[in-house]
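J.: Sharing a structure here in structure tokens format.
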Amino acid sequence: MSDALIKVGAWALEGPIWLIGCGNMAGAMLRRWLDCGLNPREVTVIRQSGAPVADGVTVLTALPPDGPVPALVMLGVKPQMLDSVAPDLAPLLSEQTLLVSILAGVELAALRRRFSMPHTIVRAMPNTPVAVGQAVSVELWSHPGERFEGRIRELSPAADPRSRTFAARIAFTSAKAPAELGQSARVFIAHEGLIPLAVPLSAVTAENGQAYVWRVNPDHRLARTVVRLGPYGTDSVPVLEGLKPGDWVVAAGGHVLREGQEVRPVDRTNRVVNLTAKE
């Protein structure tokens, strides 16, 4: 997304920028845009709380009643709020307005039905709000269970066309980290506020309208666990109730499993998982 909006270190669009909602993801994107040269005076954030977001950025609790048509509008509210936002927002947009949506589970066709005026609608599906300089912790495969502090040193501005992920480079903040060239590691990112748990779509099975996943207990036996889900994304879905941080679930093949079945848990890289270890 950054490639489309930022060009040679300068903001390529001219005109007001509106952010409808500014949570963790939208806030992280805005901070990066400002770091890349976006004039904060061009930005208006519309959020019910009215809480400030950055120096120079205007924050309103309702859509502005008049003024210039926005050059870009980014939808960053909760997906279930779309129908309450769209009727008042749609008439304020023009054919030239670039509409960007980061609403999980809301397809382009659904956006087009609600916003018929903009010629261009972009659906972006970022995964985790991160930024250059953000603190992380790293677990080396050669030192399982140990965490070494680091920071994000570099973040690719463009997503990989196949995986739709952004490459990042991590720098250790201490020279004592026993990392070797070519060594694999796991990186953990902490966030302020509540980040919903999410599972792959393939992990969810439904019966009689009730969704459930297969949770792996510490004794390596399966437990059918009923869950309440949020809006479906492209390849994952948030779990609002039924799971807690640290739970392990079966990622695929749930239709052939049974209650109490013993399994050999491995992660996505086929590494054996110790379910009793603390993250």
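J.: Of the peptides 203-209, 117-123, 39-45, 181-187, how do they stack up when ordered by the mean number of other Cβ atoms within 10 Å, highest first?
T.: 39-45, 117-123, 203-209, 181-187
J.: Give me Val256, Val85, Val213 sorted ascending by neighbouring Cβ count inside 10 Å, so fewest comes first.
T.: Result, fewest neighbours first: Val256, Val85, Val213.
J.: Only Lys, Arg, Asp and Glu count, each charged at its Cβ (+1, +1, -1, -1), so figure out the dipole size of segment 2-123 about its Cα centre, rounded to 20 debye.
T.: 280 debye
J.: Quick check: pseudo-label points 7 Å beyond the Cα along Cα→Cβ at Arg113 and Ala185, how many nm apart are they?
T.: Reported label-point gap for Arg113 and Ala185 is 4.7 nm.
J.: Continuing with the same structure: Report the gain in length on full extension from Asp235 to Val266: 0.36 nm times residue separation, minus Cα-Cα distance, nm rounded to one decimal.
T.: Extra length available between Asp235 and Val266 comes to 9.1 nm.
J.: May I have the pair-distance distribution P(r) for segment 76-124, computed from all Cα-Cα distances with 10 Å bins from 0 and rounded to whole percent?
T.: So the P(r) values, bin by bin, are 27, 65, 9.
J.: Can you give the extra length, in nm with one decimal, that the chain gains between Glu154 and Arg169 once fully stretched, where that is 0.36 nm per residue apart less the Cα-Cα distance?
T.: 4.9 nm
J.: Something else: What is the order of Phe115, Phe172, fewest Cβ neighbours within 10 Å to most?
T.: Placing the least packed residue first, the sequence is Phe172, Phe115.
Taken together, the values in this text are just the output of simple stated rules run on the coordinates, not laboratory data. In this text the structure is predicted, and so the values were computed from the model without any measurement. Cβ: placed from backbone, ideal geometry, glycine included. Neighbour counts: every protein chain shown.
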